[in-house]
Amino acid sequence: MRQLRIAVLNAAHRDANTTRNFRRELDASLAEFDVTDGTVPDHFDFDGVVVTGSRSSVYWDEEWIETTKDWVSDAIDRGLPFLGVCWGHQLLADVLGGTVEDMGVYEVGYSEIEQVTESRLFDSLPAEFVAFTSHFDEVSELPSAATPIAENDYSNHGFRHDHVFGVQFHPEFDTKTARELVERKDLSEERLESILAEITPENYRAACPAKLVFDNFLEYVRDVREPQSAADSATESETTTIGQTD
């Protein structure tokens, strides 16, 4: 069984934690692109695409964000499966016609997430699960043809639109990433201490089942892409045979 080829659009402004986390969680051949410096793939020869989190907002008027949106839109039109995480979730919703806005509050820490629609992305996860969250923005209005698949009291936490999936929470986070992210935020000393106190090995273990979204996404990609690859190979073989002469 061949390894899947996955493009990782890294929007984390060179945060080494992001590279480490996604390389750990995605069992595939990864091609990583730092989209914050305007680098996007120059082709679409991938089985799927993952879009990471970011400290930026998708509605900011920045050239690299528009460049990323353009490539993502073209890739979606070509039928590539996508998984967006946090900022990636918001970017995919925006590209598909949804609305992303500032929530007016900051959700951060280990949160309860509830499944609202059965989805392959959440196979083997309970109806309610825990995941680390960190976001000021939300998908306030889903794309018209999207199905919500997860939420909590703060916002939508997951949607599906054909081959496109987005999750607002961070299934990839380890405790090192969570601590360093929280310490960068402009929080009151009291809130900072409260959140840091939550980032424990016990809470991390409780959130680990959420990592199944990566395996489930890759299984979905394989189901979608391998029949197409087999069909392309069969067509190529047939063309070669027809072209042969004695």
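The values are calculated or read from the model by the stated rules, or taken from the named source; none is laboratory data. All figures in this text were calculated on a predicted structure; none of them were measured in a lab. Cβ atoms come from the backbone with ideal geometry, glycine included; neighbour counts cover every protein chain shown. For the accessible areas, the whole protein counts, side chains as well, though only heavy atoms, and no ligand, DNA or RNA atoms are used. Shrake-Rupley method; radii C 1.70, N 1.55, O 1.52, S 1.80 Å.
Data overview
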| read-out | value |
| --- | --- |
| For the range 98-209: span of alpha carbons on each principal axis (Å, largest first) | 42, 31, 20 |
| Surface accessible to a 1.4 Å probe, per residue, for the residues of the chain, Å² | 48 |
| Dmax and Rg, reported as Rg then Dmax, of the range 17-73 (C-alpha, Å) | 12.0, 34 |
| Cα gyration tensor shape of the range 55-130, rounded if a/c is under 1.5, else prolate or oblate by comparing a/b with b/c | oblate |
| Sites matching GluC sites (Glu not before Pro) across the range 13-101 that sit in DSSP coil, with at most 14 neighbouring C-beta atoms within 10 Å | Glu62 |
| Efficiency of FRET between Arg191 and Glu219 - r from beta-carbon atoms, R0 51 angstrom, step 0.05 | 0.85 |
| Intensity falloff of the range 1-123 expressed as log10 I(q)/I(0), Debye formula with alpha-carbon point scatterers, at q = 0.13, 0.20, 0.23 Å⁻¹ | -0.55, -1.30, -1.58 |
| Loop trypsin sites (Lys or Arg not before Pro), the range 40-124, which have at most 10 other Cβ atoms in a 10 Å radius of their Cβ (DSSP) | Arg78 |
| The range 5-224: equivalent-ellipsoid semi-axes (sqrt of 5 x gyration tensor eigenvalues, Cα, Å) | 25, 19, 18 |
